[in-house]
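Structure, as structure tokens:
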Amino acid sequence: MRSFMGRDILSLKDFERNEFFHVLEVAEELEPIARQRRNADMLAEKTLVTAFYQPSTRTRLAHEAAMHRLGGHVTGFSDAKMTRAGDFYQESIKDTVKMLEFYGDVIVMRHFQQGAPHEAAKWASVPILNGGDGWGEHPTQILTDLYTVYREKGHIDGLKWLAVGDMRMRTMHSLGYALTQFDCPVTFVSPPEMSLTDEFKAELKQYSLDFKVADHVEEAIADADVILVEPVVQPDYTKSRDERSGDVGLTPANYKITRDLLFHKAKSDAILLHSLPRMDEIPPDVDITKWSRYWQEAFNGVVMRMALLALVLGAME
Ligand code: CP
């Protein structure tokens with residue numbers, strides 16, 4: 001297996017099956033630190049730089065929390081408008097990263113341009129973690145989802161997935177790539193205008209992913225062991241910030257997971273994931289049901305980032 005030390009985490013397309021399992025096992029090993037709410041000293045000599053060109057609640061703060069849990073330091077920005085990248089100068093990724101690499105030992109970047117973290121990785125002498133790039137990918141989120149499944153079910157192979165939402169989403173791309181490395185048939189359900197692109201479908205076929213497409217969650221939910229949901233009422237992920245203006249509409253029933261649907265159609269032991277934030281695709285009354293796992297994902301998101309930081313910084317082999 002390739003070493004993770006010094007490695008960029010940009011895409012799950014380049015993750016091998018044994019590397020997924022290794023990351024999951026390292027996360028499991030580090031989990032007690034977070035569970036006991038301790039701060040260890042594993043990364044006491046290291047600093048994380050956060051470079052967020054788009055809003056985030058979970059991704060930025062989970063990386064920061066993970067760094068604190070391992071005794072490391074954090075610096076960075078959560079609003080590029082307050083940097084030279086977001087003012088008159090429109091400073092380039094290259095020029096920005098050529099500074100940031102000396103302010104810390106690893107950089108987590110979220111950007112509205114697809115491929116921006118890859119561009120950063122070309123210039124940085126320190127590892128770059130992709131915290132979400134436009135409609136591109138969101139590898140650390142899907143690793144969090146996989147870790148949640150691994151902890152809840154004890155295994156990943158053999159589970160049937162249902163993925164509902166906007167298939168242009170970066171999470172859906174990382175999910176598709178990740179599932180190619182497991183024995184996990186998946187059904188995708190999305191509005192026609194948000195469906196899998198032909199190019200992405202061709203890629204998934206090339207990797208022999210067992211997938212199909214359905215029009216309505218009712219057609220697919222009964223078979224699913226894992227139900228992963230994203231909104232179909234979405235902002236534009238290519239913008240640095242997309243403010244809500246006026247009525248944004250409601251989620252059609254085809255893409256909505258209700259309590260009634262779960263009760264009447266879902267497997268009793270299926271688990272329901274959502275990367276959050278949500279709109280109305282999972283109503284709040286689903287939160288207190290045996291299916292929901294999205295709050296557990298908040299904890300698991302910290303644990304997964306602890307594993308990734310420890311690995312790329314060489315604190316864990
Ligand atoms: N899941 C996720 O990426 O959330 P944030 O946008 O809040 O980081």
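In table form, for the structure just shown:
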{"read-out": "Flagged links, alpha-carbon separation over 21 Å, of LYS81/LYS239; LYS13/LYS98; LYS265/LYS290; LYS160/LYS256", "value": "LYS13/LYS98"}
{"read-out": "Cα pair count fraction exceeding 13 Å, expressed as % - region 164-205", "value": "51"}
{"read-out": "Neighbour-count order for SER11, SER3, fewest beta carbons within 10 angstrom listed first", "value": "SER3, SER11"}
{"read-out": "Fewest-first ranking of THR140, THR251, THR289, using other Cβ atoms within 10 Å as the exposure measure", "value": "THR289, THR251, THR140"}
{"read-out": "Debye, to nearest 20: dipole size of the chain, +1 on Lys, Arg Cβ, -1 on Asp, Glu Cβ", "value": "560"}
{"read-out": "Selected from GLY165, GLY104, GLY249 as most flexible by GNM, with the chain as the system and alpha-carbon contacts under 10 Å", "value": "GLY249"}
{"read-out": "For region 139-297: span of alpha carbons on each principal axis (Å, largest first)", "value": "44, 37, 28"}
{"read-out": "Distant alpha-carbon pairs in the chain (separation over 25 angstrom), percent", "value": "48"}
{"read-out": "Backbone HN-Hα couplings from phi across region 83-93 [Karplus 6.51/-1.76/1.60, Hz, Gly and Pro as x]", "value": "10, 6, 6, x, 10, 3, 6, 6, 4, 6, 4"}
{"read-out": "C-alpha long axis of helix 58-69 to longest principal axis of the chain, angle in °", "value": "50"}
{"read-out": "Helical mean residue ellipticity (222 nm; -39500 (n - 2.57) per DSSP H run of 4+; nearest 500) of the chain", "value": "-10500 deg cm²/dmol"}
{"read-out": "Whole-angstrom gap from region 101-164 to region 166-183, using each part's C-alpha centre", "value": "11"}
{"read-out": "Gaussian network model of the chain, Cα within-10 Å springs - most flexible of LEU228, LEU276, LEU162", "value": "LEU276"}
{"read-out": "Where Rh is the Kirkwood radius over Cα pairs, Rg/Rh for region 10-87", "value": "1.05"}
{"read-out": "Tilt relative to the chain, helix 139-153 - C-alpha long axis, 0 to 90 degrees, to 10", "value": "50"}
{"read-out": "Reciprocal of mean inverse Cα separation for region 231-317 (Kirkwood radius, Å)", "value": "15.7"}
{"read-out": "Given charges at Cβ of Lys, Arg, Asp, Glu: the chain dipole, positive-most of THR251, TYR237, ALA85", "value": "ALA85"}
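Every number here is computed from the coordinates shown, using simple stated rules; none is lab data. Source: prediction; values computed, not measured. Cβ atoms come from the backbone with ideal geometry, glycine included; neighbour counts cover every protein chain shown.
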